[in-house]
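The values are calculated or read from the model by the stated rules, or taken from the named source; none is laboratory data. These figures come from a predicted structure and were not determined experimentally. A quick note on method: Cβ atoms are made from the backbone with ideal geometry, for glycine too, and the neighbour counts reach across all protein chains shown.
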Amino acid sequence: MTASTLETHSTPSIRRYFGWSTDHKVIGIQYLVTTFGFFLLGGALAILIRTELFNPGTDLFNGTEYNRLMTNHGSVMLFLWIIPVLAGLGNYLVPLMIGARDMAFPRMNALSFWLLFVAGIVMIGSFFVGAAESGWTAYVPLSIEAPSGQTLWAVSVILLGTSSMLGAINFLTTIVTMRTEGMAFMRLPLFVWSMIATSLLALLATPVLTVGLVLIALDRVVGTVFFSVAQGGDPILWQNLFWFYSHPAVYIMILPAMGIVSEVLPVFSRKPIFGYTMIAFSSIAISLLGITVWAHHMFTSGMDPRLRVPFMISSMIIAVPTGVKIFSWLATVWEGKLRFTTPMLFALGFISMFLIGGITGIFLASIPVDLHVHDSYFTVAHLHFVLFGGSVFAVYAGLYYWYPKITGRMYDERLGKGHFWLTFVGTNLTYLPMFLAGLLGMPRRVADYAPEFTLVNQLASVGALLLAVSTVPFLYNVVVSWATGPKAADNPWGAKTLEWQTTSPPPEHNFVELPVVTGMPYDFGEPLGVPAVAPAGAGD
Amino acid sequence: MKGRAVLVVSILFVVALVCGYLVAANVNLLPEVASTRGELMQRLFNYLLGAATVVFVLVEGLLAYSVLRFRRRPGDDGEGAAIHGNTGLEVFWTAIPALLVVVIAVYSFRTLSAGEAASERPMVVEVIGRQFAWEFRYPEQGLTSSDLHLPVGTPVRFEITSEDVIHSFWVPNFLAKRDATPGQVSEFDVTPSEVGVFPVRCAELCGPGHAAMVSQVIVESPEAFEAWIERMANLPSDPTEAGRLLFGRYGCTGCHVLADAGASGLVGPSLEGLGARAGETVPGLDAEAYLRQSILEPKAHIVPTFLENIMPADFASRIPPQELDLLVTYLAGR
């Protein structure tokens, strides 16, 4: 970084958030705010779904309308919320955490965000021309026959994939080449390790989905026959292409979440993270194993029976590095001096509910059990425990934890805790009954169900309402605290990672003087470890 | 300090084991099991549920204990203990779960092999998925039905395919399913073990009528099954009864409303009171001609607001002429 780029200090204006900016912090906030908007949209679709399902029969929506709600709920939540909100946190945090002044490719970074923005507009636009209605999985031939909204859906996801790949290249280049003095790989914060693992996965897997979507778009628009059975095409090909990306995508959605939890727990336990090396390597292990498991989504597809077994084994092995993380977190908390701030509550909530998602994943990996519960509400419950109980809880933990850094203000703890408890109860009330519905025989993606499933569906619908209500204290807290909350100190939590060693919010190029790292990022505890950062000026 | 950790974990582990045993032995979360492979799966499931309970109670217990025991006391602004890790412990909690998943994988594989062992000379039933109805063909008996009748204790081989999009043939009480994929026949062996009537559901999203793509499997004694075959071989002599039967057999019930035939599908227009209006719908076509054309060429006249490409267009090749006559007469009389 040359001196000339440091001279561009000007009074920050709110207007810069509404246009092209190459500052990773502005882009990070653009990501966070935009994706939260998509989260609310996806949530509104979920409320419509749960309202329809409150009673058996098709009361509010017909089958086509229901399929559109369900398809876009899934697509918005996965492609426009969880994946990009984590990219947004990564954008804001990675340069700060490694002691860099920006991302490696600031203009490409801005492009990643604006691709997401356009993709979101395209997906919402598809609602007005007959939205996609074949599920977020878009299985052929159903997705080939669907109305024109499906083409817009494919275009939108292709744009999002491109955004994701550009982001992954940017993160990897930044982390490899722009670490400040003393920031060895084995001193990287665990969130940064999780972004390495995620970016590797995004680079390997996303192009495969993009190719598949191009084939779907060609079949639909140009009349090619890649997936047409009558002309020798193969519908199973799409499932392979789709899941080759979309199972790793689950790790793209959970690894950064695990990274957030690994940041929050030591700070509020006042203890070093337990087993730093194993947690860092388990992220890489999950990432590498993650590309070998995709066909466990296809056990019922009539694939070669012998091929199912290796996929069962690889899927189950993922439980091992995942278990390592959970046990390491428990050991981190053990004998700590726990401070139950809102981010800590969400991080502990993450462990308790992600555990349920993880354990039920073993059931789904076991072929004989999967043949019963595949495509049932059991699967719906499992994936929501991973992605809502897991990813969304970690995102909330991260938003509260870094709120003082990002805004320079403190949020209201009481509202935060109220938000946590509403969300925690709502999550369990919504998704636990779904396990039972699936085991007893309720298929997923149905607008109507047999009367025997009424009670479990009503519980889930009440829970969903609670989840909708839970966003109110959060939004109020975020907006009002940003305007009138007490000023935050530079390091209100007493954390050791570099983003806390600069002002809140950080100056335009992050650090007045680049820090020099002398220790581990989690050197908490008695006797006190070496300070993680050399005093200002020591690096000269 | 270390001693307390060992003590707490040991106590929790014993509690977890007891909970796991009680859950595996007493909790049933599955529907009534009606097939031999389902019985094997149920045993595997209950063992898994027990193991899952042990892990769940242990981890949540440790979490709850930590939250209660290690909360910061008021006024204590000190740090926790500076423990960075413990190699022995980390190896231990990598190795034990690894061992556990190996055991689960081996047990799952054995259950799978036993459950899918090929039966000797099974009775073949072809399962055909269509938007939005199931068709069951009995090639050995030369008949077709919209309900699945099976003799109890007889091995059955389903040969499953689809004529349009992907469906999935799921009998929850058999604890298994298999996708119906166009252009491919998937085999799937089941030996029904309990007499009863059980639902058949479609588990793969197949379009607007997905939720209504249901049928039933009637597992009955071999004698009752033979009697059903006899009945099916000849249509009832009463034309209304015959028409009602054909209405179900050709899957019309999946998409249309017609109380007389027990049909409540919502994808296509209601056929209630059809006889009275069929003759006036299209100028120049009397009721019978209109109904005949609407069955054989579904796109000829689309009732406003309904989907154009959803009704199968292959009835001309599937319905023999005398059965078509019976069906048209039946519909004209509604």
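Say whether the condition of being of a type in the set (A, V, I, L, M), within 11 Å of chain A (Cβ to nearest Cβ) and outside any loop (DSSP other than H, G, I, E, B) is met by at least one residue in the range B:21-35. Checked the range B:21-35: no residue is of a type in the set (A, V, I, L, M), within 11 Å of chain A (Cβ to nearest Cβ) and outside any loop (DSSP other than H, G, I, E, B). One residue alone among B:49, B:89, B:44, B:58 is modelled with pLDDT under 95, in a helix (DSSP H, G or I) and outside the structural domain of residue B:172 (by TED's automatic domain parsing), and that residue is B:89. Being surrounded by fewer than 17 Cβ atoms within 10 Å (Cβ to Cβ), at the interface with chain A (Cβ under 10 Å from one of its Cβ atoms) and out of contact with any helix residue (DSSP H, G or I) (no Cβ under 9 Å at 6 or more places or on another chain) holds for only one residue in B:78, B:3, and it is B:78. Among the residues of the range B:106-144, those that are assigned to a strand (DSSP E or B), closer than 20 Å to residue B:213 by Cα and either hydrophobic (A, V, I, L, M, F, W, C) or out of contact with any Ser or Thr (no Cβ under 9 Å at 6 or more places or on another chain) (or both) comprise B:125, B:127, B:128, B:133, B:134, B:136, B:144.
Results for (1) in contact with a Phe, Trp or Tyr (Cβ under 8 Å, 6 or more places away or on another chain); (2) closer than 21 Å to residue A:520 by Cβ; (3) charged (D, E, K, R), shown as yes or no for each residue.
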| residue | (1), (2), (3) |
| --- | --- |
| A:244 | yes, no, no |
| A:249 | no, no, no |
| A:268 | yes, yes, no |
| A:283 | yes, yes, no |
| A:286 | yes, no, no |
| A:290 | yes, no, no |
| A:310 | no, no, no |
| A:316 | no, no, no |
| A:334 | yes, yes, no |
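Residue by residue through the range A:299-330, note down the ones that are basic (Lys, Arg) and either within 22 Å of the chain's Cα centre (by Cα) or facing chain B (nearest Cβ under 7 Å) (or both).
We begin by selecting, within the range A:299-330, every residue basic (Lys, Arg); these are A:306, A:308, A:325.
Across the range A:299-330, the qualifying residue is only A:325.
Of all the residues in the range B:168-197, those that are facing chain A (nearest Cβ under 9 Å) and either assigned to a helix (DSSP H, G or I) or over 29 Å from residue A:68 (Cα atoms) (or both) number 8.
Residues of the range A:32-57 that are part of a loop (DSSP other than H, G, I, E, B) and surrounded by fewer than 19 Cβ atoms within 10 Å (Cβ to Cβ): A:54, A:55, A:56, A:57.
Being surrounded by fewer than 24 Cβ atoms within 10 Å (Cβ to Cβ) and at the interface with chain B (Cβ under 8 Å from one of its Cβ atoms) is the filter; apply it to the range A:231-269 and report the residue that is nearest to residue B:183 (Cα to Cα). That would be A:234.
Quick one: in the range B:230-239, which of the residues that are surrounded by fewer than 16 Cβ atoms within 10 Å (Cβ to Cβ), outside any loop (DSSP other than H, G, I, E, B) and modelled with pLDDT of 85 or more is farthest from the chain's Cα centre (by Cα)? Break it down stepwise before answering.
Of the range B:230-239, the ones surrounded by fewer than 16 Cβ atoms within 10 Å (Cβ to Cβ) are B:230-231, B:233-234, B:236-239.
With the extra rule that they be outside any loop (DSSP other than H, G, I, E, B), the set shrinks to B:230-231, B:233, B:239.
Narrowing the set further to residues that are modelled with pLDDT of 85 or more leaves B:230-231, B:239.
Values: B:230: 28, B:231: 27, B:239: 34 Å.
Looking at residues that are surrounded by fewer than 16 Cβ atoms within 10 Å (Cβ to Cβ), outside any loop (DSSP other than H, G, I, E, B) and modelled with pLDDT of 85 or more, I get B:239.
Restricting attention to the range A:424-445, the residues that are assigned to a helix (DSSP H, G or I) and either crowded, with 22+ Cβ neighbours inside 10 Å or of a type in the set (S, T, N, Q) (or both) total 10. Within the range B:104-124, the only residue that satisfies the criterion of being surrounded by 14 or more Cβ atoms within 10 Å (Cβ to Cβ), β-branched (Val, Ile, Thr) and more than 7 Å from chain A (Cβ to nearest Cβ) is B:124. Filtered by the rule that a residue be touching a His at 6+ places or on another chain (Cβ under 8 Å) and hydrophobic (A, V, I, L, M, F, W, C), the range B:175-203 gives B:175, B:176, B:180, B:202, B:203.
Can you confirm whether residue B:56 is hydrophobic (A, V, I, L, M, F, W, C), in contact with a Cys (Cβ under 9 Å, 6 or more places away or on another chain) and surrounded by 15 or more Cβ atoms within 10 Å (Cβ to Cβ)? Yes; evaluated as a whole, the condition is true for this residue.
Out of the range A:279-311, which residues are under 18 Å from residue A:191 (Cα atoms) and either surrounded by fewer than 17 Cβ atoms within 10 Å (Cβ to Cβ) or of a type in the set (A, V, I, L, M) (or both)? First the steps, then the outcome.
Let us first name the residues in the range A:279-311 that are under 18 Å from residue A:191 (Cα atoms), namely A:279-288.
Matches in the range A:279-311: A:279, A:280, A:281, A:284, A:285, A:286, A:288.
Within the range B:297-323, can you find the residues that are touching a Leu at 6+ places or on another chain (Cβ under 8 Å) and either surrounded by 15 or more Cβ atoms within 10 Å (Cβ to Cβ) or not assigned by TED's automatic domain parsing to the domain that holds residue B:248 (or both)?
So the first thing to find is which residues in the range B:297-323 are touching a Leu at 6+ places or on another chain (Cβ under 8 Å), and the list is B:315-316, B:319, B:323.
Answer for the range B:297-323, where residues must be touching a Leu at 6+ places or on another chain (Cβ under 8 Å) and either surrounded by 15 or more Cβ atoms within 10 Å (Cβ to Cβ) or not assigned by TED's automatic domain parsing to the domain that holds residue B:248 (or both): B:315, B:319, B:323.
Answer yes or no as to whether residue A:342 is under 24 Å from the mean Cα position of the chain (by Cα), buried (at least 22 other Cβ atoms within 10 Å of the Cβ), polar (S, T, N, Q) and away from chain B (no Cβ under 13 Å). In short, yes.
Taking only the range B:189-201 into account, find how many residues are surrounded by fewer than 24 Cβ atoms within 10 Å (Cβ to Cβ) and free of Cβ contacts under 8 Å to residues at least 60 places away in the same chain. Give the derivation first.
Pass one, the range B:189-201, residues surrounded by fewer than 24 Cβ atoms within 10 Å (Cβ to Cβ): B:189, B:191, B:193-200.
Then keep just the ones that are free of Cβ contacts under 8 Å to residues at least 60 places away in the same chain; that gives B:195, B:197, B:199.
Residues meeting the conditions: 3.
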